[in-house]
Amino acid sequence: MLAVSNSSPLIYLAKGKLLFCLKEVFEKVYICEGVYQETVVAGIAKGYEDAKVIEKAVKDWIELRRVHLDLFAWLASRVGEGRLEDIRKLFKRLSKVDVETVTLAVEVGADYLLLDDRAAIKAARAIQEQTSFALLGTGDVIERALETHIISKAEYVNFLKSFGEAIAWVE
């Protein structure tokens, strides 16, 4: 199972000392350059310890990938012009990194796209029928980690106490 992650799942899981869950739940985890810049480069510059945890994971098991696909050209061959315009409007509300993350998931044929941002989830849902990915939030990931005994009930509860308001459940 191949997953592409946006910044927030990496940040929350690293802050909660559960980043390893991604490695255990998915066979491969990819991130785009924008996510690396947000989570590692900017995080280290600000002195965030979780940025170092993410950097170490990128050196070890998270794969950094450059995006080459033109998402809207790709979509133009799959949806009608009116639908494409509606999708463009949704994507205009997103950050460049959010768009890059969704595009990477399409490009690599990801099984899962990990997002917590509500606008990014809405935009990704709008193109989901044309893609191979299912959407998951950080809540879904830690739930899977609990169900497969990767983490304990106490770790799950502690994580939710710290981040429950910020993370998403998409499934």
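A few comments on the model shown:
- Selected residue (criterion: nearest to Ala123 (Cα to Cα)) from residues of the range 67-81 that are among the aliphatic types (A, V, I, L, M) and in a loop (DSSP other than H, G, I, E, B): Val79
- Counting only helices (runs of 4 or more DSSP H) wholly contained in the range 5-66, the ones carrying 1 or more residues that are in contact (Cβ under 8 Å) with a residue 40 or more places away in the chain and closer than 21 Å to Glu107 by Cα occupy 7-15, 20-25, 33-36.
- Residue pairs meeting the criteria (Cβ under 6 Å; at least 6 apart or on separate chains; first part of a loop (DSSP other than H, G, I, E, B) and at pLDDT below 95, in the range 144-171; second surrounded by 14 or more Cβ atoms within 10 Å (Cβ to Cβ) and of a type in the set (Asp, Glu)): Ile167/Asp116; Ala168/Asp116; Trp169/Asp140; Val170/Asp140; Glu171/Asp140
- Checked against (1) assigned to a helix (DSSP H, G or I); (2) polar (S, T, N, Q); (3) within 18 Å of Val170 (Cα to Cα), Ser132 meets all criteria but (1).
This table checks each residue for (1) under 11 Å from the mean Cα position of the chain (by Cα); (2) crowded, with 20+ Cβ neighbours inside 10 Å.
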site	(1), (2)
Val106	no, yes
Lys122	no, no
Leu136	yes, yes
Gly164	no, no
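- Inspection of the range 82-93 finds no residue satisfying the criterion of being part of a strand (DSSP E or B) and surrounded by 15 or more Cβ atoms within 10 Å (Cβ to Cβ).
- Residue selected from the range 58-81 under the condition farther than 21 Å from Ser5 by Cα and exposed (fewer than 10 other Cβ atoms within 10 Å of the Cβ), by the criterion modelled with the highest pLDDT: Ala73
- Within the range 140-155, the residues that satisfy the criterion of being in contact with a helix residue (DSSP H, G or I) (Cβ under 8 Å, 6 or more places away or on another chain) and either among the basic types (Lys, Arg) or buried (at least 20 other Cβ atoms within 10 Å of the Cβ) (or both) are Val141, Ile142, Arg144, Ala145, Ile151, Lys153.
- Being part of a helix (DSSP H, G or I), modelled with pLDDT under 95, more than 21 Å from Leu64 (Cα to Cα) and among the hydrophobic types (A, V, I, L, M, F, W, C) is a description that applies to Ala126.
The values are calculated or read from the model by the stated rules, or taken from the named source; none is laboratory data. Only a predicted model underlies this, so the values are computations on that prediction, with no experimental measurement involved. Glycine also receives a Cβ, built like all others from the backbone with ideal geometry; neighbour counts cover every protein chain displayed.
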